[in-house]
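Working notes, beginning with the structure itself.
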Amino acid sequence: MTSAISAQGLSKSYGPVKAVVDVDLDVRRGEIYGFLGRNGAGKTTTIRMLLGLVRPSAGSISILGSSLGDDCKAVLSRIGYLVESAAAYPNLTVRENLHIQRRLMGAPPAAVDEVIELLKLGEYVNRRAGRLSLGNKQRLSLARALVQSPELLILDEPANGLDPAGIVEIRALLRRLADVQGVTIFMSSHLLDEVEHLADRVGIVNAGRLVEQVDYNELRDNGRLAIEIEVDDVALAERILRNELGLVEVSRSGDACLRISDRTAKPAPIARALVGAGVALERLDPMEEDLERHFMRLTGGES
Amino acid sequence: MRFPSVVAAELMKLRRSKVTWMTFAAYAFMAAMAGFFMWMMKNPGMARNLGLIGQKANFAFGGGATDWPALLTFIVEMGGIGGLIMCSIVVAYIFGREYTEGMAKNMLALPIRRSSFVLGKIIVSAAWFALLTLWIIGETWIVGSLLGLTGLTTGLFLAAAAKLLLLALMSFCCAVLVAWVAVETRGYFAPLGFSIFTLVLANVFGHTGWGPWVPWTIVGLYSGAAGPGITLGWGSFAVIAMTFLIGTALTIRHEVYADNVQ
């Protein structure tokens, strides 16, 4: 099966400023892909290139099996999108805003009521968009993105402006769209928590470069950095770890502490071996590298 | 082909906009003021009592007759300069609002040819301005009738109406350059500044022999605001047509090829 989004060597420069540098993206069909980066990392520029709003300085983009350059309009008709910030025609009501989008996308009239229900906008249908709260404006933008039942959703910071309940609700909706309807979701965010809860795979972008593209489950399984233990007899404990358990990366991190950096080390055998040899184990702390630590390490936020 | 949808969407946006109704109110005010001045001229005693306003009314109508030909001449002259300003406002609003309201990025990512958006907006702007012109023609008839002016013939009124419509068309052709400034600068303000600049330009060139070759001056000359007896050759109308084509081409070029980094 072809990728939902495939980009090779994607770059964009504005004069001397390199906004995006040689990005290779591969988003599989049906997955939720979190595009993670700090502010100004190049997320929105990449999204704009995927939607044909910005011309790449170099590289190629293929979306849903078609090159974006060859048949841009046919490809765009299969994509729902939200770019950067929630926006709507302020003088038009929620329903009118959606009606305009529906007409322009060629969706049936019933689609408007469906997305109003899906995004829980029923209470506001006759309210002018300019009088909506930021959160409801964001819902309206999401509704607009969904009006033509897209195969691919490209969402730039979809949780912006939503309250905690709204975030949970939208998260569930996106999960349902991916799991039940097979919609591929490419979402950018600078909120680690958001990506952590939702994404199947994560692409981390820093200073315009895609520094890693990783399966989130893989990151969770293989991401542990070290196990730190606190014991009464450091020398004996170190000997047991090295000789009996065959661990190599063992170092002292304090008077009574040892740090085991071997990725194969498991907490249970270590505890059993030490306690069995009469070592008093005061503390055993597996220091997992969560997405936050991983992100900070990759983007230079942590030494 | 979703071009009818593009036009329908533009019309829906306008229907709900306050700016639409404000332009109609502005034109209503213009016709009402013309009627007021004429009423003052017909009542010289009151004009004297009001001092300055009386003098202004005198100035506006050249101190001449208070009849239908005078009213229609005044409205046509106002339709030249006022039309240029009003048309620029209409075009700046229709093209600039997408950027000011943050909707350009949504519009340009739609699966519709971007030139369709430009052409759709041009059509809707033209329709809007045509309605405004018909509105002021109708109002002029009402004002003149209420004042009981003399000298009305069907031929005179139709000639004035036709001249106003042609002036509206010429103003619109010039205003398409305002659309280009709006999309280039992504908003309302620069295009409105540009239209003020073109009025200054029109005034400056109106005093030189280059007037019949400067688009905005041509509109003023044709309206008669620069004085009677000026006839324009086909070259001047060709300049107006070229202005429209250049403005349209530049606007389409920007929307199709420029990066949208709003």
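The values are calculated or read from the model by the stated rules, or taken from the named source; none is laboratory data. Quick caveat: nothing in here was measured; it's all calculated off a predicted structure. We place every Cβ from the backbone using ideal geometry, glycine too, and count neighbours over all the protein chains shown.
The table that follows gives values for the structure above.
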| item | result |
| --- | --- |
| Odd one out for A:Tyr33 among (1) out of contact with any helix residue (DSSP H, G or I) (no Cβ under 8 Å at 6 or more places or on another chain); (2) over 30 Å from A:Gly300 (Cβ atoms); (3) crowded, with 21+ Cβ neighbours inside 10 Å | (2) |
| Residues located in the range A:53-77, provided they are touching a Leu at 6+ places or on another chain (Cβ under 8 Å) and modelled with pLDDT of 90 or more | A:Leu53, A:Pro56, A:Ala58, A:Gly59, A:Ser60, A:Ile61, A:Ser62, A:Ile63, A:Leu64, A:Val75, A:Leu76 |
| Sole residue being surrounded by fewer than 23 Cβ atoms within 10 Å (Cβ to Cβ) and more than 11 Å from chain B (Cβ to nearest Cβ), chosen from A:Glu84, A:Glu96, A:Glu114 | A:Glu114 |
| Matching residues, the range B:103-152, being among the β-branched types (Val, Ile, Thr), within 14 Å of chain A (Cβ to nearest Cβ) and assigned to a loop (DSSP other than H, G, I, E, B) | B:Ile112 |
| Single match in A:Ala7, A:Ala58, A:Ala19, A:Ala41 (criterion: in contact with a helix residue (DSSP H, G or I) (Cβ under 7 Å, 6 or more places away or on another chain) and not hydroxyl-bearing (Ser, Thr, Tyr)) | A:Ala19 |
| Subset of the range A:130-151 (residues that are surrounded by fewer than 18 Cβ atoms within 10 Å (Cβ to Cβ) and either outside the structural domain of A:Arg95 (by TED's automatic domain parsing) or under 14 Å from A:Ala111 (Cβ atoms) (or both)) | A:Ser149 |
| The lone exception for A:Arg127 - which of (1) touching a residue at least 12 places away in the same chain (Cβ under 8 Å); (2) within 11 Å of chain B (Cβ to nearest Cβ); (3) surrounded by fewer than 20 Cβ atoms within 10 Å (Cβ to Cβ); (4) among the charged types (D, E, K, R) it fails | (2) |
| A:Leu68 vs. criteria over 28 Å from B:Ile94 (Cβ atoms) and within 13 Å of chain B (Cβ to nearest Cβ) | yes |
| Close pairs (6 angstrom Cβ cut-off, 6 or more residues apart or separate chains): in a helix (DSSP H, G or I) in the range A:283-303, at pLDDT 75 or above and among the acidic types (Asp, Glu) anywhere | A:Leu291/A:Glu196; A:Leu298/A:Glu212 |
| Residues (under 22 Å from A:Ala107 (Cα atoms) and either in contact (Cβ under 8 Å) with a residue 12 or more places away in the chain or in a loop (DSSP other than H, G, I, E, B) (or both)) located in the range A:66-83 | A:Leu68, A:Asp71, A:Cys72, A:Val75, A:Leu76, A:Ser77, A:Arg78, A:Ile79, A:Gly80, A:Tyr81, A:Leu82, A:Val83 |
| Candidates B:Ala47, B:Ala32, B:Ala65, B:Ala9 - the one that is modelled with pLDDT of 90 or more, within 21 Å of B:Gly148 (Cβ to Cβ) and among the small types (Gly, Ala, Ser) | B:Ala32 |
| Residues of the range B:1-32 satisfying the condition of being without any contact (Cβ under 8 Å) to a residue 60 or more places away in the chain and over 26 Å from A:Val94 (Cβ atoms) | B:Met1, B:Ala25, B:Phe29 |
| Helices (runs of 4 or more DSSP H) contained entirely in the range A:134-214, each with at least 1 residues that are without any contact (Cβ under 8 Å) to a residue 12 or more places away in the chain and within 13 Å of the chain's Cα centre (by Cα) | A:192-198 |
| Filtered residues of the range B:238-262 (kept if in a helix (DSSP H, G or I), more than 13 Å from B:Ala179 (Cβ to Cβ) and either within 14 Å of chain A (Cβ to nearest Cβ) or modelled with pLDDT under 95 (or both)) | B:Val256, B:Tyr257 |
| Answer from A:Arg259, A:Arg263 - the residue that is outside any strand (DSSP E or B) and not assigned by TED's automatic domain parsing to the domain that holds A:Gly161 | A:Arg263 |
| Residue in the range A:20-60 that is farthest from the other protein chains (Cβ to nearest Cβ), counting only those that are hydrophobic (A, V, I, L, M, F, W, C) and part of a loop (DSSP other than H, G, I, E, B) | A:Ala41 |
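This table checks each residue for (1) at pLDDT 90 or above; (2) under 25 Å from the mean Cα position of the chain (by Cα).
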{"position": "A:Ile79", "(1), (2)": "yes, yes"}
{"position": "A:Glu84", "(1), (2)": "no, yes"}
{"position": "A:Leu92", "(1), (2)": "yes, no"}
{"position": "A:Gln101", "(1), (2)": "yes, no"}
